[in-house]
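The values are calculated or read from the model by the stated rules, or taken from the named source; none is laboratory data. None of these values were measured; they are calculated from a predicted model. Cβ: placed from backbone, ideal geometry, glycine included. Neighbour counts: every protein chain shown. Remember, those area values only see protein heavy atoms, side chains included, never the ligands or the DNA or RNA. Shrake-Rupley method; radii C 1.70, N 1.55, O 1.52, S 1.80 Å.
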Amino acid sequence: MATALKPTDVEHFREQGFMPARPILSAGEVAHYRGCLEAFEAAQGATLGELPGQLRAKTHLLFPWMDELARHPAILDVVEGLIGPDILIYHVTSWLKEPGTGSYVSWHQDATYFGLDPAEHVTAWVALSNSDLESGCVRVLPGSHRQGQRPHESGPTEGNLLSNGQVLRDIPLDEPGVALEVPPGHLSVHHTHLMHASGPNRTAERRIGFGISYIPTRVRHLGETRLTAMLVRGEDRFDHFEHEVPPAGEFDDAARARHAAACERFFSSHGSRRTGDGAGAIEAH
Ligand SMILES: O=C(O)CCC(=O)C(=O)O
């Protein structure tokens with residue numbers, strides 16, 4: 001699968017603040033990664049979002065298959081084309097929208113609570129199911145990243161997958177924006193200042209996506225707590241983050257302990273992140 005970016009792809013990202021869906025995984029890989037997620041959920045008798053322990057956040061620290069997906073060479077090739085060769089994973093959010101839950105995401109910019117400088121973070125959104133308007137895909141305001149960081153305020157938390165229900169002032173929830181539809185096995189990428197939101201999943205199927213937030217190693221976190229991040233390509237000559245350790249076993253004790261410690265640091269450095277959409281549900285932004 002050809003994954004290298006063309007100069008026109010990079011220009012589109014710089015101008016519009018997002019990269020539309022492009023194929024990244026084979027059908028076999030989609031079935032494999034989805035199978036791994038759902039086998040774990042079946043064994044637990046609950047979805048990832050229903051289980052306690054903030055499992056939707058930094059999921060790559062818990063499961064070798066998720067670690068493998070987050071460092072997939074085809075994804076990293078795209079990310080490298082945008083932020084350069086020395087790449088850290090700063091955060092991961094498993095965006096699971098179960099049918100009939102009404103979960104949505106209010107208009108926001110990812111940078112709002114990430115506390116990164118310079119604002120060079122990008123989110124690769126990888127689909128393991130069809131993400132379209134009907135199933136609650138991300139909707140964007142093209143070019144809005146050029147406005148830089150805008151003020152957010154606390155909004156309703158009921159059904160909102162974002163912590164504190166944070167919402168950009170002046171953008172109505174029903175602002176249609178432009179749908180960023182992502183078929184299974186494809187990825188889209190958005191800039192940390194791009195304004196975006198998503199509506200409820202109105203289909204009978206789950207909508208499964210992973211938002212993987214990558215930064216170049218030169219970026220630092222502005223805060224007193226030293227946060228963790230995972231080096232996935234190139235080298236880190238800056239030492240701004242403590243390096244995360246990939247999980248050796250599926251949801252094993254060591255992985256769970258490291259995941260809990262990393263989440264504790266991450267969320268305490270950003271204020272309370274608990275959402276109102278179910279036990280243990282946590283949003284990254
Ligand atoms: O997956 C969604 O519905 C929202 C995703 C999002 O807000 C993000 O990736 O930053």
Which whole-number value in Å² is the accessible area per residue of the chain, probe 1.4 Å?
40
In whole percent, and with a 1.4 Å probe on the protein chains, what portion of the accessible area of the chain is carbon and sulfur?
52
Could you give the dipole magnitude of segment 15-61 about its Cα centre, charging the beta-carbon of Lys and Arg +1 and that of Asp and Glu -1, in debye to the nearest 20?
80
If I take R0 = 25 Å and measure r between the Cβ atoms of E205 and H32 in this structure, what FRET efficiency does the formula 1/(1 + (r/R0)^6) give, to the nearest 0.05?
0.85
If the elastic network links every pair of Cα atoms under 10 Å, which of F40, F18, F114 fluctuates the most in the Gaussian network model of the chain?
F40
For segment 1-119, treating each Cα as an identical point scatterer without solvent, what Debye log10 I(q)/I(0) comes out at q = 0.17 1/Å?
-1.15
Dipole magnitude (debye, nearest 20) for segment 108-233, charges at Cβ of Lys, Arg, Asp, Glu:
440
Mind telling me which of S26, S198, S188 comes out most flexible in a GNM of the chain, alpha-carbon contacts under 10 Å?
S26
What 222 nm value per residue comes from the helices of the chain, counting each DSSP H run with n ≥ 4 as -39,500 (n - 2.57) and dividing by all residues, nearest 500 deg cm²/dmol?
-7000 deg cm²/dmol
Answer in debye to the nearest 20: the dipole magnitude of segment 7-269 about its Cα centre, from +1 Lys/Arg and -1 Asp/Glu charges placed on Cβ, is 260
Using a Debye calculation, one point per C-alpha and no hydration shell, please list log10 I(q)/I(0) for the chain at q = 0.10, 0.11, 0.14, 0.16 Å⁻¹ in order.
-0.46, -0.57, -0.99, -1.39
